[in-house]
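The values are calculated or read from the model by the stated rules, or taken from the named source; none is laboratory data. Everything numeric in this text was worked out from a predicted model, so none of it was measured. Positions of Cβ are generated from backbone atoms using ideal geometry, with glycine treated the same way; all protein chains shown enter the neighbour counts.
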Amino acid sequence: MFASRPAVHPVEAPPLTEAAGPRVRMKHVQGMPGTPGGLVLRLLQFVFAAIAVSVMASTSDFHEATAFCYLVLALGLQSLWSLSLLVLDIYAILVRRSLRNDKVIRLFTVGDGLVDASYLL
């Protein structure tokens, strides 16, 4: 058996200095907090959550199903969270303040995760 053996060719690692230029961050992400896109997304999120809560709460046998009551409670929490972030987005746009702070983004991420996790419980 005459099988060929694979050859290994070393690859040079890129330099670790700033010679290649500074790292570039994304400056304008669509839907980021404090932007008009983020404002529209939060507004639509609030409107659809409010519509869902009103439709579910208007049924005649709303109080009979415990899981259904819990779902309405979770959607109510979602609508309140969206409304608070909507107000914060409006404030940021009016005073032209950037919400591109690591702590603020982390708060939004954790808050969205907790609100979304409430649907799974």
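The residues of the stretch 93-121 that are more than 12 Å from the chain's Cα centre (by Cα), of a type in the set (G, A, S) and part of a helix (DSSP H, G or I) amount to a single one, A117.
Please tell me if R42 is charged (D, E, K, R), outside any helix (DSSP H, G or I), surrounded by 10 or more Cβ atoms within 10 Å (Cβ to Cβ) and at pLDDT 75 or above. Let's see the steps before the verdict.
Values: charged (D, E, K, R): yes; outside any helix (DSSP H, G or I): no; surrounded by 10 or more Cβ atoms within 10 Å (Cβ to Cβ): yes; at pLDDT 75 or above: yes.
Here the answer is no, as R42 does not meet what is asked.
Close Cβ contacts (under 9 Å, 6 or more residues apart or on different chains) running from residues in the stretch 81-103 that are farther than 21 Å from D116 by Cα to residues that are polar (S, T, N, Q) comprise A92/T35; A92/S98; I93/T35; L99/T35. Among the residues of the stretch 81-121, those that are over 19 Å from M32 (Cα atoms) and of a type in the set (A, V, I, L, M, F, W, C) comprise A117, L120, L121.
Could we say that R106 is charged (D, E, K, R), at pLDDT 85 or above and surrounded by 10 or more Cβ atoms within 10 Å (Cβ to Cβ) here? If you could, list the steps in order and put the result at the bottom.
Values: charged (D, E, K, R): yes; at pLDDT 85 or above: yes; surrounded by 10 or more Cβ atoms within 10 Å (Cβ to Cβ): yes.
When the stated conditions are applied, R106 passes them.
Scan the stretch 45-68 for residues that are farther than 22 Å from G111 by Cα, in contact with a helix residue (DSSP H, G or I) (Cβ under 9 Å, 6 or more places away or on another chain) and part of a helix (DSSP H, G or I) and the total you get is 5.
Taking the listed residues M56, M32, the one that is in contact (Cβ under 8 Å) with a residue 60 or more places away in the chain and among the aliphatic types (A, V, I, L, M) is M32, with no other qualifying.
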